[in-house]
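Notes to accompany the following structure.
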Amino acid sequence: MNPCLLIPIYEHGSTIRRVVESLAYADLPLVIVNDGSGPATRATLDRIVKDFDWVEVRHHAVNQGKGAALVTGYRAAAERGFTHVVQLDADAQHESADVRHFLAAAQARPDALVLGQPIFGDEAPRSRLYGRKLSVGMVWLATLSLEVRDPLCGFRCVPLAPVLRLLDHVPMGRHMDFEPELAVRLVWLGVPVVNVATRVRYDPLGVSHFDVIWDDVRLAWLYTRLTLGMLARAPGLLRRRAARRRRL
Ligand SMILES: Nc1nc2c(ncn2[C@@H]2O[C@H](COP(=O)(O)OP(=O)(O)OP(=O)(O)O)[C@@H](O)[C@H]2O)c(=O)[nH]1
Ligand SMILES: [Mg+2]
């Protein structure tokens with residue numbers, strides 16, 4: 001296993017330096033994908049590249065969405081020979097110290113998708129938590145399993161080989177719909193899932209680019225498509241679930 005770190009960033013210039021510094025302990029190369037941020041975030045990224053020789057930044061000329069930024073990052077990581085990426089967000093919501101737990105889980109199961117299972121504090125907005133519960137339920141339905149404990153958490157360790165194969169064959173959402181779609185499609189392919197509990201913080205002054213109208217519309221459309229996709233795959237998914245139960 002040859003991992004690197006990956007951060008997609010769109011207009012999170014005020015937090016990215018702190019996040020980069022907090023990752024130094026991991027002693028891994030970091031790829032940042034700048035998803036068309038404006039001049040202030042870009043200038044911060046230029047300084048980061050000068051100050052930390054283990055950081056590379058790739059730029060999208062215009063904003064394309066978090067999913068598109070992640071795909072650019074996966075391809076950049078694969079080009080450089082990495083087999084796994086540990087990805088996290090630029091807004092300092094994730095606990096950088098937990099990177100080691102994601103790596104340990106991936107080392108134990110290099111074939112698995114390692115997903116962050118968020119532990120939220122009281123500061124997390126209620127509306128976000130309810131929306132999340134709905135997403136979890138829809139993904140359980142789409143996979144006919146409870147394997148994915150949270151399909152939306154941006155902190156995960158991704159095995160690149162099956163992901164890049166999938167991306168070559170299936171067009172996927174390019175925004176906030178990408179991460180749940182990837183999790184479901186990997187489960188459909190039989191990729192095992194490991195969940196790692198991790199604290200996720202909401203800073204009251206934090207900047208979120210989650211678009212409560214368009215991203216929710218995209219998620220609703222995604223879950224409709226995934227539920228239909230599940231119907232065609234139901235016999236196979238149920239057989240696999242029964243085989244897993246027999247092994248336990
Ligand atoms: N929303 C959004 N985020 C992007 C985009 N491109 C890259 N990102 C990055 O994706 C990560 C998640 O973005 P956030 O805006 O915090 O979205 P979120 O974490 O799902 O939403 P919150 O739970 O409200 O924080 C951050 O690192 C962003 O900088 C984009 O086009 N839109
Ligand atoms: Mg966020």
Anything in the range 204-225 that is under 30 Å from Gly121 (Cβ atoms) and assigned to a helix (DSSP H, G or I)? List them, or say none. Trp214, Asp215, Asp216, Val217, Arg218, Leu219, Ala220, Leu222, Tyr223
All conditions in (1) more than 16 Å from ligand 2 (Cβ to nearest atom); (2) aliphatic (A, V, I, L, M); (3) in a helix (DSSP H, G or I) are true of Val196 except (3)
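A quick yes/no check of all residues on (1) surrounded by fewer than 21 Cβ atoms within 10 Å (Cβ to Cβ); (2) assigned to a strand (DSSP E or B):
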| site | (1), (2) |
| --- | --- |
| Tyr25 | yes, no |
| Leu70 | no, no |
| Ala97 | yes, no |
| Ala106 | no, no |
| Pro110 | yes, no |
| Pro118 | no, yes |
Would you mind finding the one in Val57, Val62 that is of a type in the set (A, V, I, L, M) and assigned to a loop (DSSP other than H, G, I, E, B)? Val62
Mind telling me which of the residues Arg185, Arg218 ends up being within 21 Å of Ala112 (Cα to Cα), away from ligand 2 (no atom under 16 Å from the Cβ) and among the basic types (Lys, Arg)? Arg185
Given the conditions (1) within 29 Å of Ala104 (Cβ to Cβ); (2) more than 16 Å from ligand 1 (Cβ to nearest atom); (3) exposed (fewer than 13 other Cβ atoms within 10 Å of the Cβ), report the number of the one that Pro171 does not fulfil. (1)
Quick check: anything in the range 194-217 closer than 30 Å to Leu237 by Cα, away from ligand 1 (no atom under 13 Å from the Cβ) and out of contact with any strand residue (DSSP E or B) (no Cβ under 9 Å at 6 or more places or on another chain)? yes
I'd like the residue in the range 148-168 that is outside any helix (DSSP H, G or I) and out of contact with any Gly (no Cβ under 8 Å at 6 or more places or on another chain) and, out of all such residues, is surrounded by the most Cβ atoms within 10 Å (Cβ to Cβ). Cys157
Could you pull out the residue among Arg75, Arg42 that is charged (D, E, K, R), closer than 20 Å to Leu164 by Cα and modelled with pLDDT of 95 or more? Arg75
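The values are calculated or read from the model by the stated rules, or taken from the named source; none is laboratory data. No experiment lies behind these values; they were computed from the predicted model shown. Every residue, glycine as well, gets a Cβ built from its backbone with ideal geometry; the counts of neighbours run over all protein chains shown.
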